[in-house]
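Visitor: This is the structure, below, for whatever I ask next.
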Amino acid sequence: MGKKRSGGGLSPIQQAAKFLGVSVLAGAVLAGIALPAAGALGLAAKGSVEGFDEIPAHLKQPPLSQRTSILDNKGGHIATVYSRDRTVVPLKDISPYMQKAIVAIEDSRFYEHGAIDLKGILRALNQNAQSGGVSQGASTLTQQYVKNVFVEEAGDDPTKVAEATQQTLGRKIRELKYAIQVEDKLGKKRILKNYLNITYFGQQAYGVEAASQRYFSKPAKDLKLEEAALLAGIVQSPSRYDPVNDATEATQRRNVVLQRMADTHDISQQEADKAKKSDLGLKVSRPKNGCITAVSGAGFFCDYVREVFLNDPVFGKTKEQRAKIWNRGGLKIRTTLDPQTQESVQASIKDHVNKGDEVATAATIVEPGTGKILGMGQSRPYGFQKNETTINLSVDDDMGGGAGYQPGSTFKPIVAAAPWRAASRRGRRTRPRTRCRIRSASRPVAARTG
């Protein structure tokens, strides 16, 4: 047996053998030969050993998780919520520089080969054998897209994410088969569009539109050459090439992309040299996610909207289904909140109760006859800091509130007046009952704050 290198790595011979095995398997895939279901070339998938032909023929492509916008009754913005910050855009809304940059650095022969680049595999085999490590990969853009689909489907489940990214021969073969199917079904342009919309660019930005807004505060269609090269360079290692945290490393990586674009004749050498001299030009926009960012103190109303969605069967038969839809996002939710009423609610509360007072107050304005909520506010802001809270004092605990309040004797005159008014309308006076049973829908509120 060959001697292992220090640090547990493989020797050049072992690396060569490994990549040779991959190239042989890739050839088998292209030839349509079924791999054996057991033995050294067997592959593990879904916890069992399967043959190539046993892998499902069609790749499931779940809808991409995106931002959800919550709007008031005038169409104005209340808040943006998401599990992953992504805005899917068509290829025409992505700068041509960006399209060329990602192809140049990730798969320069993208338009020349099929789903699998055998020439690239052989090149990687040779390079890695010489370096004694994995210094060069061989995955095509299509294969990378397939892997990202697996990661997207895994969501935030760490076990599923690990399965989707594990470096095993079995996963690679599944990836190869699906890549062939995707190439045949979608074609190059749609694959490129899907790839740019699904890929992670660091800083909580998924997809090129979110990345462009995060780093440059502009849409992806307006990216300049040097900006596109920077984003394309991040993809290989979003943490290492993060321009916000390490400008030097990010600049070097960007310049590698620019030179690669010149080498592939996407731009001239003169253009590349000029772009290399420019600074990063960052104009970073910080993520604004969740009800904590809601305008006009509408954080509690935003939270109420989420609770209504998660509890109403009209949005899904089970709570699990509704939660999945909410987390996937991509929704535009128009609500009954009136911006002028909301501002008046908050102004009135502020005039009477301070957020640091021992007591807290809440007010909700509901339109008579329709039940539409026009305004909802509290003296303590929505949040997790001192004198803030995420408990909505206007609703019960099953809708994100506390345990409620006991109205006590304040309801007695209201209940006592009811039969008196009814009798007066009938033209006779009846002595109101002073003893009555009052049942409140609310209960004492819990004093939980951030």
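Just so it is clear, none of the values below were taken in a lab; they were calculated from the coordinates. Remember, predicted model here, so these are calculated numbers, not experimental data.
Visitor: For each pair in 188/319; 100/172; 177/288; 324/355; 324/350, compute the distance between the two Cα atoms and list the pairs where it is over 32 Å.
Guide: Where the Cα-Cα span goes over 32 Å, the pairs concerned are 188/319; 177/288; 324/355; 324/350.
Visitor: Check the straight Cα-Cα distances from residue 224 and name the aspartates and glutamates below 17 Å, setting aside those fewer than 8 residues away within the same chain.
Guide: Hits, sequence-local ones excluded: 93, 209, 266, 271, 273, 279.
Visitor: Still on this structure, please answer the following. How big is the C-alpha Rg of the stretch 287-422 next to the rule-of-thumb value 2.2 N^0.38 Å, as a ratio?
Guide: 1.20
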